[in-house]
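Let me begin by presenting the structure, written as structure tokens, before commenting on it.
Coordinate-derived values only; no laboratory data. Quick caveat: nothing in here was measured; it's all calculated off a predicted structure. All Cβ positions, glycine included, derive from the backbone under ideal geometry; neighbour counts span all protein chains shown.
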Amino acid sequence: MADDSTKKVVLAIETSCDETAVAFLSYENNAYSSLGQRLYSQIDVHKEFGGVFPMMAKREHGKNLLKLLELLYLDTHAKSEHITISEHAKQNALATLVRESELHTFFETALTDSTSILYKKPNIDAIAVTVGPGLEPALWVGISFAKALALIWNIPIIPVNHMEGHIASVLTDIAHTENKTSLFPALALLISGGHTEVIQIKNWGQYQIIGGTKDDAVGEAYDKVARILGLPYPGGPEISKLAQQVRDTYSIHDAETICKKENIKLPRPMLHSQNIDFSFSGLKTAVLYLVRDLKKISNTETLTDTQISLICFEFEQAVIEVLCKKLTTALEQNQDTQTLIVGGGVIANTYIRKHIDTWCTENNIKFLKPETELSTDNAVMIGIAALVQMNHGYETRIEPTVSSLEKLVARGGWRIDELY
Ligand code: KG4
Ligand code: ZN
């Protein structure tokens, strides 16, 4: 795969939350391309509990990683070299997996079969892996897997910050070319299940967090509000579907009038504070009280479907209003901004996309967002982030030796503005 001096190929691994993903990515002629991805979403496993359980996520990652890599090889017809693996390398690789019982079992079995993919060394420059932020038990599975592969294949690892991955996910949106002269300075709005952050970007690798949530992330608020309303996990797609039904039936003005008549009104937390901070926990709590009050008024234990849909509509209006207001404040403080980059699961929301698009047009700045399927967690964005780092010379390359790899650890709270 990596056959000329400018072409680079990486294998990327993502296990920071409830998506297990592997992908091959290439960079060539200014273009970042996915050569293929295999992603297994654990949503169905976590659905009945209404949220993600770290230890369950860890087990699922461990059960699926090697299988997904095998499928990725098949999908992409990955070029590889048949290798022998020394007993010493096998023992070192298995030693890195001692804390990962499921993965250890699968890896050990594959090592006994010389036709398994472990003996097919791919023609890649590096293995990119998410090391944070995220759920540490989940992160460790991907990291340990990357280490074991690095040891048997003798390939370096590039640790990637998951949030830089969400930023890099937009690079497939600009006709596969990276035009750095007009991209920066940029602002990034990262809206996911774990984060709500506004970041000032001077250039690749130069990030400063200039605003964020004081409590819950916006995706988390979607998930918690869905739970309050008796809707399934994850809440984002469910709430946005019901809100869209309201917008399909009524004009925004009429829907707002109906909400008022039905006593459905939610606050816009921190809308008028002069900073770029958010409080989505306040919005969630307001939904909780609203539901309690509506039940009291009608003297019932359940809300009607109409009430639920109207709450979803009003909730989404509040989210959009707050996001756009804070973007305006961020832009006022950073008037040389050329581009707004928006990443994270919540930007899978078509209505929020449309609003932010309009906001960018009104403010005369470029809007970069990921393809919808790259909004939520995936390995493609992790691979692109590693390739961006390599292209801009700030990657942390960890050599595939036992002593170097010892330093590679999960960093659940890793901020994007901290160096690795
Ligand atoms: O980026 P992501 O996959 O994982 C984290 O890094 O957290 O984001 C997941 C979040 C969940 O909270 C989910 O409810 C939200 O993204 N989400 C959405 C939509 N699709 C996913 N929120 C609003 N509208 C959507 N269509
Ligand atoms: Zn994410």
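Calculated on the alpha-carbon coordinates, the convex hull of the range 287-364 measures out at 117 cubic angstrom per residue. By the Stokes-Einstein formula, at 1.567 mPa s and 4 °C, the range 350-400 with its Kirkwood radius over alpha-carbon pairs has D equal to 96 µm²/s.
Between 0 and 90 degrees, the angle of helix 101-111 with respect to the longest Cα principal axis of the chain falls at about 40 degrees. Our estimate of slack between Glu108 and Lys67, defined as 0.36 nm per intervening residue step minus the Cα-Cα distance, is 13.4 nm. Size of the range 261-398 from its Cα atoms: along the principal axes, largest to smallest, the extents are 64, 33, 25 Å.
Histogrammed with a bin width of 5 Å, the alpha carbon distances of the range 101-254 distribute as 2, 7, 11, 12, 14, 14, 13, 11, 8, 5, 2, 1, 0, 0 percent, first bin at zero. Over all pairs of different C-alpha atoms in the range 3-104, the reciprocal of the mean inverse distance, the Kirkwood hydrodynamic radius, equals 15.7 Å. Largest mean-square fluctuation among Asn64, Asn299, Asn263, in a Gaussian network model of the chain whose springs join Cα atoms under 10 Å apart, belongs to Asn299. All Cα-Cα distances of the range 37-171, cut into 10 Å bins from zero to the largest, leave 11, 40, 37, 11, 1 percent in each bin in turn. Subtracting the Cα-Cα distance of Lys265 and Glu406 from their residue separation scaled by 0.36 nm leaves 45.4 nm.
Which of Ala110, Ala379, Ala128 moves most in a GNM of the chain, Cα contacts under 10 Å? In the Gaussian network model the winner is Ala110.
Based on the Kirkwood radius over alpha-carbon pairs, what is the Stokes-Einstein translational diffusion coefficient of the range 191-242 at 25 °C with 0.890 mPa s viscosity, in µm²/s? It comes out at roughly 201 µm²/s.
Among residues other than Leu242 with Cβ under 13 Å from its Cβ, the summed charge is -3 (Lys and Arg +1, Asp and Glu -1).
Taken over the chain, the percentage of Cα pairs per 20 Å bin, counting from 0 up to the bin with the maximum distance, is 27, 52, 20, 1.
Of the trypsin sites (Lys or Arg not before Pro) found in the range 233-315, those that fall in a DSSP loop while having at most 12 other beta-carbon atoms within 10 Å are Lys265. Based on DSSP H segments of at least four residues, each scored -39500 (n - 2.57), the chain has a per-residue ellipticity at 222 nm of -14500 deg cm²/dmol. For Lys326, the lysines whose Cα falls under 28 Å of its own Cα, not counting residues fewer than eight places away in the same chain, are Lys180, Lys202, Lys214, Lys224, Lys241, Lys260, Lys265, Lys284, Lys354, Lys366, Lys369. Across Leu71, Leu39, Leu94, mean-square fluctuation computed from a Gaussian network of the chain (C-alpha pairs under 10 Å connected) peaks at Leu71.
Rounded to the nearest angstrom and listed largest first, the equivalent-ellipsoid semi-axes of the range 190-283 from its Cα gyration tensor are 29, 16, 14.
Residue separation of Lys354 and Ser116 scaled by 0.36 nm, minus their Cα-Cα distance, works out to 81.1 nm of gained length.
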